[in-house]
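Notes for the one structure printed next.
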Amino acid sequence: MNRPWLLWIPLAVVAFIGGLAIYGLAVPKDDQVHSAMIGKKLPEFALPAATAGVPALSNTDMADGKPRLLNIFASWCLPCKAEAPHLEALKSAGVEIDAIAIRDKPEDVAAFLAEFGNPFRRIGSDSELAVQLKLGSSGVPETYVIGGDGTILFQHIGDIRAEHVPMLIEKVNAAK
Amino acid sequence: MRTFVPLLLMLAAPVWAQGSGPTPALANRQLADPAQEAQAMRLMHGLRCIQCQGQSIADSDADMAGTMRAEVRQQIAAGQKPHAIRSWMIDRYGEWVSFEPDMKGAGLLLWIAPFLIFFAAIWLARGLFRRRT
């Protein structure tokens, strides 16, 4: 063989594939589906009130010049119960929070608020997941930072824990 | 007790963990026009369900898959082209939502890799045959 370096090609190919396999094992798997709507305006929607006594929610309600959080929750979702005290903490820190209740009944939302408190200014009811789809949201709970002009700035997937509270306050303040 | 507990378990009702709400009308109802329905069905097999991540929205029973099927059928019925609807989904969930990668970036490599390997194989085989003759 006049080109002995050719012999190394199969080894290089196998080493490359082996390297990919090791890389795949070493990098933690990200099962979350991130929204591609970050940096875009909120989609147009007008949801009915999720329960009596708390106003309904439309996209224009969130474009009043004040940055805020948009929490996607449901009364049937366990992590949503776990994050309730941290939403209260955010509210106490002066953060305005609107919410969308997913596949929920008015009486269930009322019972949820009675048990865990109501940190929300408005709650819209998305019973067919139509707005969740438009937001690029993949589940409950999720929390978005919405700019004063109605731009989606940040998506937090999963429940808010104590360690996320300062970060979310900072993101809302940074949007002012 | 040993027979009693399994009997009780049989009676236990599963927890309704997905909440309750109406299913969009077009989630499980075909479009009246068979050509449009076929178009929608083809697209739905190429879109990935957000909740049960390995399945297409055509195969999934998840609530979100139903909402996505309804969206696809609505847009098809309104005369929207399948590739535009696919882009609409990608605008919301990223490339991840499509089972058919675009011919750009890493996706381009996926599309051309078979041809590259094919031509490399021919080139290698050519060398082998030449030596034998």
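Determine, yes or no, whether A:I38 is under 30 Å from B:R130 (Cα atoms) and within 14 Å of chain B (Cβ to nearest Cβ). So A:I38 fails the test. Restricting attention to the stretch A:97-133, the residues that are of a type outside the set (S, T, Y) and buried (at least 19 other Cβ atoms within 10 Å of the Cβ) total 23. In the set (1) farther than 23 Å from A:G150 by Cα; (2) outside any loop (DSSP other than H, G, I, E, B); (3) β-branched (V, I, T), the condition left unmet by A:I72 is number (1). For the subset of the stretch B:89-109 comprising residues that are under 18 Å from the mean Cα position of the chain (by Cα) and of a type in the set (A, V, I, L, M, F, W, C), which member is farthest from the other protein chains (Cβ to nearest Cβ)? Here the answer is B:M103. Restricting A:G19, A:G53, A:G65 to those that are away from chain B (no Cβ under 14 Å) and either outside any loop (DSSP other than H, G, I, E, B) or touching a helix residue (DSSP H, G or I) at 6+ places or on another chain (Cβ under 7 Å) (or both) reduces the list to A:G19.
Taking residues in the stretch A:118-142 that are of a type in the set (D, E), and partners anywhere that are surrounded by fewer than 23 Cβ atoms within 10 Å (Cβ to Cβ) and part of a strand (DSSP E or B), the pairs with Cβ atoms closer than 6 Å and at least 6 places apart or on different chains are A:D126/A:L47; A:E142/A:I157.
Only residues that are polar (S, T, N, Q) and facing chain B (nearest Cβ under 8 Å) were counted in the stretch A:88-142, giving 3.
Counting only helices (runs of 4 or more DSSP H) that fall entirely inside the stretch B:25-133 and contain at least 2 residues that are at pLDDT below 90 and surrounded by fewer than 13 Cβ atoms within 10 Å (Cβ to Cβ), the qualifying elements are B:106-132.
When B:L26 is tested against (1) under 12 Å from the mean Cα position of the chain (by Cα); (2) within 13 Å of another protein chain (Cβ to nearest Cβ), only condition (1) is not met.
The values are calculated or read from the model by the stated rules, or taken from the named source; none is laboratory data. Note that the structure is predicted; figures quoted are calculated from it, not measured. Heads up, the Cβs are rebuilt from the backbone with ideal geometry, glycines too, and the neighbour counts pull from every protein chain shown.
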